[in-house]
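Below: the structure, in structure tokens.
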Amino acid sequence: MRRPTLEAVATRAGVSKSTVSRVVNGEPTVASDIRDLVMRAVNDLGYIPNPAARSLVTRRTDSVAVIVSDPSAGLVSDDPMFSTVVRAASREFEAAGKQVMLMLAGSDDARVRARQFVAARHVDGVMLVSMHGADPLPAALAATGVPLVSHGRPTFRLDVPWVDNDNTGGAAQAVRHLLERGRRRIATISGPLDMSAAQDRIGAYREVLSETGRRSIVALGDFTRISGAEAMAQLLEDDPALDAVFAANDLMAIGAMRALRRAGRRVPDDVAVVGYDDIEAALYTDPPLTTVRSPMGEQAAASARLLLGLLRGELAAPVILPTQLVVRESS
């Protein structure tokens, strides 16, 4: 059977092709009785609008891109929170009738392709994930004029709406918890300092310790397990007397706990450990990991809603979601 055409719908409804086009493209200028007549013809014939032709008329693709610009292989895409972000955002977009395109832009060539794809208007909007300070992609995408939002407070100097969790407040809760448990030599394992989450968390760590006259003991990681283990080993070498560590995410905390076991240190008897994120694995470490629960799914959903609002022409302001300390046996 031949696919029903716009002309066939117009003939069945007794109206012009342009009227049918306006109805199927959702234009509000058609009288309700004519709209009902056209839609009955659409349903009777089983007409399906051609998406390419519809895009030419409406100048909308009904597609959005979730672009992950991750220059370090495995830094975010291997994190269990990544799937949470993608699922939560996709649910919001799909509920609004948007097709979701996931683009991993971890190399210079991939970033060029992403910019070209967006500049060609193959998507109506972009949600940026895992932005780093020196990344040229946000500015390149902003120059296309396509609406953008950032999942996470951006470090780049662009007027882009964003949604984040309270990294500063969450990290401060973690460090104060360790102080309240009587810990006196508290170290931290920071994430990459060209990311806003890492900047906020180490900033809160330093601020809380300075309030009590204690010095900071810092090692740098990259949000992976292996970097947490390596940083913990370095911290023990530099300061064998430390009695607590706050890791800027759970993966690094898990790596740190492994390094502590290998060094013969008991958790929490000798060294208390606190992480950040509350991934599922935090429940199954030995002992279970104290951590800061960040509402990553809610953050991704809110980022998606922010972008959908921009596509409707609404104004957008930054959103910060609360965090919660979850105390378990590791501290």
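The values are calculated or read from the model by the stated rules, or taken from the named source; none is laboratory data. This one's a predicted model, so the numbers in the text were calculated from it and none came from an experiment. Cβ atoms come from the backbone with ideal geometry, glycine included; neighbour counts cover every protein chain shown. Ligands, DNA and RNA are stripped out before the accessible areas are found, and what is left, the full protein with its side chains, is counted by its heavy atoms. Shrake-Rupley method; radii C 1.70, N 1.55, O 1.52, S 1.80 Å.
Count of the range 146-169 residues, restricted to those that are among the aromatic types (Phe, Trp, Tyr) and open to solvent by 30 Å² or more (accessible area, probe 1.4 Å), is 1. Applying the set (1) of a type outside the set (Ser, Thr, Tyr); (2) open to solvent by less than 20 Å² (accessible area, probe 1.4 Å); (3) in contact with a strand residue (DSSP E or B) (Cβ under 9 Å, 6 or more places away or on another chain); (4) at negative phi to residue 214 leaves exactly one unmet item: (2).
If the condition is being surrounded by fewer than 21 Cβ atoms within 10 Å (Cβ to Cβ) and more than 24 Å from residue 320 (Cβ to Cβ), then the range 184-211 contributes 184, 185.
Here's the yes/no breakdown for (1) modelled with pLDDT of 80 or more; (2) in contact with a strand residue (DSSP E or B) (Cβ under 7 Å, 6 or more places away or on another chain):
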position: 42; (1), (2): yes, no
position: 52; (1), (2): no, no
position: 78; (1), (2): no, no
position: 82; (1), (2): yes, no
position: 108; (1), (2): yes, no
position: 123; (1), (2): yes, yes
position: 126; (1), (2): yes, yes
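Exactly one residue out of 215, 258, 265 is part of a loop (DSSP other than H, G, I, E, B), touching a residue at least 12 places away in the same chain (Cβ under 8 Å) and of a type outside the set (A, V, I, L, M, F, W, C), and it is 265. Residues considered: 172, 105. Of these, the only one that is open to solvent by less than 20 Å² (accessible area, probe 1.4 Å), without any contact (Cβ under 8 Å) to a residue 60 or more places away in the chain, of a type outside the set (Ser, Thr, Tyr) and over 29 Å from residue 322 (Cα atoms) is 105. Which of the residues spanning the range 291-331 are open to solvent by less than 30 Å² (accessible area, probe 1.4 Å), closer than 16 Å to residue 165 by Cβ, assigned to a loop (DSSP other than H, G, I, E, B) and at pLDDT 95 or above? Result: 323, single match.
May I ask you to verify whether residue 118 is modelled with pLDDT of 90 or more, among the β-branched types (Val, Ile, Thr) and touching a strand residue (DSSP E or B) at 6+ places or on another chain (Cβ under 8 Å)?
Here the answer is yes, as residue 118 does meet what is asked.
Out of all the residues in the range 118-135, is one or more without any contact (Cβ under 8 Å) to a residue 24 or more places away in the chain and open to solvent by 20 Å² or more (accessible area, probe 1.4 Å)? Scanning the range 118-135, I find at least one residue that is without any contact (Cβ under 8 Å) to a residue 24 or more places away in the chain and open to solvent by 20 Å² or more (accessible area, probe 1.4 Å), so the answer is yes. For the criterion of being crowded, with 23+ Cβ neighbours inside 10 Å and without any contact (Cβ under 8 Å) to a residue 60 or more places away in the chain, residue 273 passes.
I'd like to know if the range 243-251 contains one or more residues that are among the polar types (S, T, N, Q) and touching a residue at least 40 places away in the same chain (Cβ under 8 Å). Yes, the range 243-251 contains at least one residue that is among the polar types (S, T, N, Q) and touching a residue at least 40 places away in the same chain (Cβ under 8 Å).
Would you say residue 149 is at pLDDT 90 or above, outside any helix (DSSP H, G or I) and under 23 Å from residue 297 (Cβ atoms)? Walk me through how you get there before you give the answer.
Working: at pLDDT 90 or above: yes; outside any helix (DSSP H, G or I): yes; under 23 Å from residue 297 (Cβ atoms): yes.
For residue 149, the condition - at pLDDT 90 or above, outside any helix (DSSP H, G or I) and under 23 Å from residue 297 (Cβ atoms) - is met.
When residues of the range 252-268 are filtered for being open to solvent by 10 Å² or more (accessible area, probe 1.4 Å) and either among the aliphatic types (A, V, I, L, M) or modelled with pLDDT under 95 (or both), how many remain?
4
Could you tell me whether the range 12-27 includes any residue that is in contact with a helix residue (DSSP H, G or I) (Cβ under 6 Å, 6 or more places away or on another chain), at pLDDT below 80, farther than 30 Å from residue 295 by Cβ and part of a loop (DSSP other than H, G, I, E, B)? Yes, the range 12-27 contains a residue that is in contact with a helix residue (DSSP H, G or I) (Cβ under 6 Å, 6 or more places away or on another chain), at pLDDT below 80, farther than 30 Å from residue 295 by Cβ and part of a loop (DSSP other than H, G, I, E, B).
Looking only at residues in the range 231-251 that are over 30 Å from the mean Cα position of the chain (by Cα) and assigned to a loop (DSSP other than H, G, I, E, B), the one that is surrounded by the fewest Cβ atoms within 10 Å (Cβ to Cβ) is 241.
Note on the range 276-290: among residues that are surrounded by fewer than 22 Cβ atoms within 10 Å (Cβ to Cβ) and of a type in the set (A, V, I, L, M), the one that is nearest to residue 192 (Cα to Cα) is 281.
Among the residues making up the range 54-76, those that are in a loop (DSSP other than H, G, I, E, B) and either of a type in the set (A, V, I, L, M, F, W, C) or at pLDDT 80 or above (or both) are 62, 69, 73, 75, 76.
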